[in-house]
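Peer 1: For reference, the structure I am asking about is given below.
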């Protein structure tokens, strides 16, 4: 069984106010759409993720989707949501998936449990709708006055994903091409497709306005988990005329000896980040016994750790590197190091600290035999908004 996720993100989101379309607004430091894509690309039951976008948004989309697994090249949407979904389904047809989950790009807080239950429902039904039963009293308004009460029994608020067996929903959309239904269940119902109800989650909200963004921020803050990792690295001085420290070439009377470029700062920081996400250490990912890493630039190691962090659903809150050495002097190049680390990690420079200390002439660093670096990384993980994951 092959499962594809079709993310609908071609709208302009004008109700969110001036600025970028809502799916590209930042939510806790990441574009809304990136969080949506990550929820599906990181789910073990999903094989492919395709997004329908507006042609004008390609650069913003590429940035939002960068380095995520299972992501297919996007396709352009149509003038209506229904038209966009059909274009997306046609683009997926070449992969012949057996199941498809159609989801709004502006619902970034969908939980792994909702995705799993949507897939599982298709084992016995041709369609499945995530929804929440109404609990409030519903009244019809007339001329600004409260009118009749509408019985809420059997009434649900529809969410996404809306899951279907692929061939059935593709045929239904082809039959209704040119229509303007508000969701895919309406298309399915018109084609006689049975759709099972799956209870959703209040946190699986659709971001429409600036107030919705603020509410989603609060939900994420309440679900956040913080983890800290530490790293330490040492390299001996040897022949050379410079050292690499935190990605910056620093002129010096000696070099540092190591299998790669011996950048103790980036090595310690890479280990700190890997430690925070429970991904081992730098030697497991880049063994010194492997000749391909001989002389390698250590920014590749740190960029790898940053990518694993994003895949783990975490943000880097701040990093702190301390050099332990008598020389070279760190102060003159401190800001250049901070800027380079911020660039590699794609975080603001205000989140990067670089400092140095000596051992007052004691030990191997005091004898100028080498230098050491220790690092700390704080990461913020966004836990599932639903306990039923």
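Peer 1: Can you confirm whether residue 188 is in contact with a helix residue (DSSP H, G or I) (Cβ under 6 Å, 6 or more places away or on another chain), under 19 Å from residue 128 (Cβ atoms) and crowded, with 18+ Cβ neighbours inside 10 Å?
Peer 2: yes
Peer 1: With the requirement that a residue be more than 13 Å from residue 102 (Cα to Cα) and surrounded by 22 or more Cβ atoms within 10 Å (Cβ to Cβ), what does the range 72-89 give you?
Peer 2: Within the range 72-89, 74, 77 qualify.
Peer 1: I've got another one for you. Looking at (1) touching a strand residue (DSSP E or B) at 6+ places or on another chain (Cβ under 8 Å); (2) within 15 Å of residue 235 (Cα to Cα); (3) surrounded by fewer than 18 Cβ atoms within 10 Å (Cβ to Cβ), which one does residue 251 not meet, given that it meets all the others?
Peer 2: Every listed condition holds for residue 251 apart from (2).
Peer 1: Taking residue 7 as meeting all but one of (1) touching a strand residue (DSSP E or B) at 6+ places or on another chain (Cβ under 8 Å); (2) surrounded by fewer than 18 Cβ atoms within 10 Å (Cβ to Cβ); (3) not in a loop (DSSP other than H, G, I, E, B), write down the number of the exception.
Peer 2: For residue 7, the failing item is (2).
Peer 1: Report, by residue number, each residue of the range 226-249 that is part of a strand (DSSP E or B) and closer than 19 Å to residue 306 by Cβ.
Peer 2: Scanning the range 226-249 gives 226, 227, 228, 229, 230, 231, 233, 244, 245, 248.
Peer 1: Residue 58 is checked against (1) surrounded by fewer than 22 Cβ atoms within 10 Å (Cβ to Cβ); (2) at pLDDT 95 or above; (3) touching a helix residue (DSSP H, G or I) at 6+ places or on another chain (Cβ under 8 Å) and fails just one. What number does that condition carry?
Peer 2: (3)
Peer 1: Next question, about the same structure. Of the numbered conditions (1) crowded, with 19+ Cβ neighbours inside 10 Å; (2) within 27 Å of residue 368 (Cα to Cα), residue 275 satisfies every one except a single condition; which is it?
Peer 2: Looking at each condition in turn, residue 275 falls short on (2).
Residue by residue, here is whether (1) out of contact with any helix residue (DSSP H, G or I) (no Cβ under 9 Å at 6 or more places or on another chain); (2) touching a residue at least 24 places away in the same chain (Cβ under 8 Å) holds:
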position: 327; (1), (2): yes, yes
position: 342; (1), (2): no, no
position: 360; (1), (2): no, no
position: 372; (1), (2): no, yes
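This table checks each residue for (1) within 17 Å of residue 194 (Cα to Cα); (2) loosely packed, with under 14 Cβ neighbours inside 10 Å; (3) in the same structural domain as residue 92 (by TED's automatic domain parsing).
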| site | (1), (2), (3) |
| --- | --- |
| 140 | no, yes, yes |
| 143 | no, yes, yes |
| 146 | no, yes, yes |
| 151 | no, yes, yes |
| 154 | yes, yes, yes |
| 160 | yes, no, yes |
| 167 | yes, no, yes |
| 174 | no, yes, yes |
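The values are calculated or read from the model by the stated rules, or taken from the named source; none is laboratory data. As the structure is a prediction and not an experimental result, all values here were calculated from the model. Heads up, the Cβs are rebuilt from the backbone with ideal geometry, glycines too, and the neighbour counts pull from every protein chain shown.
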